[in-house]
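Accompanying notes for the structure given below.
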Amino acid sequence: MWYPIKSPFWLRWLYPQLTWHRSRKHPCLYLTFDDGPIPDVTPQVLNILKSYGIKATFFCVGDNIKKHPEIFKRILEEGHQVGNHTYNHLKGWRTSKEDYIKNIELCSTLTETKLFRPPYGRGTRAQYAQLKKDYEIIMWDVMSGDFDEKLDPEACLNNVIDNAENGSIIVFHDNIKASPRVTYALPKAIEYWLNAGYEFKTL
């Protein structure tokens, strides 16, 4: 499996209306987690974050919120930000603009947020143009690769440590496939960044 760890410059140039990172002026990082909430992984991620006193942003799938409302409630109660990741984790490029927007709006009734991240990091220009009227579309500039089952957990750790910089938006996943890598890499990366003088904020 191949995927860019750093978001390519040409992609950021092609879609400047999307948010790829925050200000580069200050040593601040933005941890984000996609696909939850689910009972097998999200609580482990929350425990790790809580142990370091760090807040993050969770891009939640509406159907998972509906199935696991107690975990979603915990995310909010512990001071984390939430974002919209569609209700059914749709592939934007295979979904009509109308159906895609309706699915996002359905998720929005649960998340009540104006932050949106497209599943797989892909949508169409028409979808983005419509969504920009109501949402900030959050992408990323560092991908952990934790979803890649062939990736060694140590390599996942190196992906984020080697590529994060001031203002980076970093993607992990709180799903079953990512579990071995995110639970290994997350605490070690946090310790590394804290020792390097970084602070953490929500989006």
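Observations on the structure shown:
- A protection proxy built from the mean count of other Cβ atoms within 10 Å ranks the segments 74-80, 41-47, most packed first, as 41-47, 74-80.
- Treating each Cα of the range 1-80 as an identical point scatterer and summing with the Debye formula, the log10 of I(q)/I(0) at q = 0.11, 0.12, 0.18, 0.19 Å⁻¹ comes to -0.40, -0.48, -0.90, -0.95.
- Across the range 74-81, rounded Karplus estimates of 3J(HN,Hα) from the backbone phi angles (6.51 cos²θ - 1.76 cosθ + 1.60, θ = phi - 60°) give 5, 3, 5, 5, 8, x, 7, 8 Hz, Gly and Pro being marked x.
- Computed E for residue 15/residue 50 - FRET, C-beta separation, R0 35 angstrom, nearest 0.05: 0.55
- Stretch gain in nm, segment residue 199-residue 67, where the contour uses 0.36 nm per residue and the Cα spacing is subtracted: 44.2 nm
- Taking a Cβ cut-off of under 15 Å around residue 11, the surrounding Lys, Arg, Asp and Glu residues balance to a net charge of +4, with basic ones at +1 and acidic ones at -1.
- Residues with amide H under 5 Å from that of residue 58, placed H, sequence gap 5 or more: 33, 81, 82, 83
- Accessible surface calculations at 1.4 Å, restricted to protein heavy atoms, place the chain at 47 Å² per residue.
- Most to least accessible of 51, 179, 23 (protein chains only, probe 1.4 Å): 51, 23, 179
- Calculated FRET value between residue 78 and residue 26, using beta carbons and R₀ = 30 Å, to 0.05: 0.80
The values are calculated or read from the model by the stated rules, or taken from the named source; none is laboratory data. Small disclaimer: the values here were computed from a predicted structure and weren't measured. Here the Cβ is made from the backbone with ideal geometry for all residues, glycine too, and neighbour counts use every protein chain on show. Note: accessible area is taken over every heavy atom of the protein model, side chains too, but ligands, DNA and RNA are not part of it. Shrake-Rupley method; radii C 1.70, N 1.55, O 1.52, S 1.80 Å.
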